[in-house]
Ligand code: PPS
């Protein structure tokens, strides 16, 4: 595999009004002909909301808690990332070619960019949402370490961009709301990062029921333990340490950074919090979604 180094931090490209990492925007053309299979399972999230965590939980479920089997490849190979494209690394679509059924798939795409086949095939979706203050902080640090993003600038300017939907994948507010509405017409299990932190076993039981599987209680306990932040942070198959440093520089900020709820309080100033709250109230007016800011 030839690695083409690119630390140029290219500007975001807009597709149907949605700003995206330049390379991901380029991948969308071929993604539109993607054919979903009815037994696919799609893990959908706005970035930094618990995708990797739920991906590992689902692979552990599919492998009936067998950790050895979950060590077969990094998480982005076991759970192909549909729109993924970075120079020198296999694309999500290429990774899919070697992925046997039943497939676990990952996306951050808003509905307007989602391949239609996933909806036509009524593919089951596990959606994970996380409170946007922790998402914004996590995303800021991810922008710093993953150089396919533009330079994030200062935290204050990044937060303004986040509130305006001018970050990769666009508006968090629109994303969480449109996937919330989708549950009326598609099989969507809508989970919250904070609930998984609070009681992972309870949330894993919800996932098991949704995917129509059952496991012995000790296997579920084992999955809770294997998918804990502590274990996943030191596991090279989940912590993204196998990605070349040119693409993700963990010395700037680890992918598995803090894994906490309420960490935003150590970053937001009082003024930023007030601005955020006012903006949140406007953007989420009339929406029945409820987020927890701390546990
Ligand atoms: S990505 O790049 O969008 O796919 O990132 P994603 O996996 O959605 O989100 C990364 C954040 O999730 C945290 N994380 C976890 N938290 C708790 N427990 C477990 N097991 C876990 N695994 C990942 C990860 O640390 C990122 O959050 P921050 O706040 O930056 O630590």
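Collect the residues in region 249-281 that are out of contact with any helix residue (DSSP H, G or I) (no Cβ under 6 Å at 6 or more places or on another chain), more than 8 Å from the ligand (Cβ to nearest atom), closer than 18 Å to residue 158 by Cβ and not in a helix (DSSP H, G or I), keeping them in residue-number order. Hits for region 249-281 are 268, 269.
Screening region 88-104 for residues that are touching a helix residue (DSSP H, G or I) at 6+ places or on another chain (Cβ under 8 Å) and not in a loop (DSSP other than H, G, I, E, B) and picking the one that is farthest from residue 58 (Cα to Cα) gives 93.
Here residue 50 passes the criteria (1) out of contact with any strand residue (DSSP E or B) (no Cβ under 9 Å at 6 or more places or on another chain); (2) modelled with pLDDT of 95 or more; (3) on the phi > 0 side of the Ramachandran plot except the one numbered (1).
The set of residues in region 228-247 being modelled with pLDDT of 95 or more and within 12 Å of the ligand (Cβ to nearest atom) consists of 228, 229, 230, 231, 232, 233, 234, 235, 238, 239, 240. Restricting attention to region 267-295, the residues that are over 30 Å from residue 182 (Cα atoms) and under 23 Å from the mean Cα position of the chain (by Cα) add up to 2. Annotation: of all residues in region 205-227 being touching a residue at least 24 places away in the same chain (Cβ under 8 Å) and in a loop (DSSP other than H, G, I, E, B), the one that is farthest from the ligand (Cβ to nearest atom) is 213. Of the residues examined, residue 68 is one that is within 30 Å of residue 194 (Cα to Cα), without any contact (Cβ under 8 Å) to a residue 24 or more places away in the chain and surrounded by fewer than 16 Cβ atoms within 10 Å (Cβ to Cβ).
The values are calculated or read from the model by the stated rules, or taken from the named source; none is laboratory data. The model shown is predicted, which means the values in this text are computed figures rather than measured ones. Don't worry about glycine lacking a Cβ; one is built from the backbone with ideal geometry, like all the others, and counts go over all protein chains shown.
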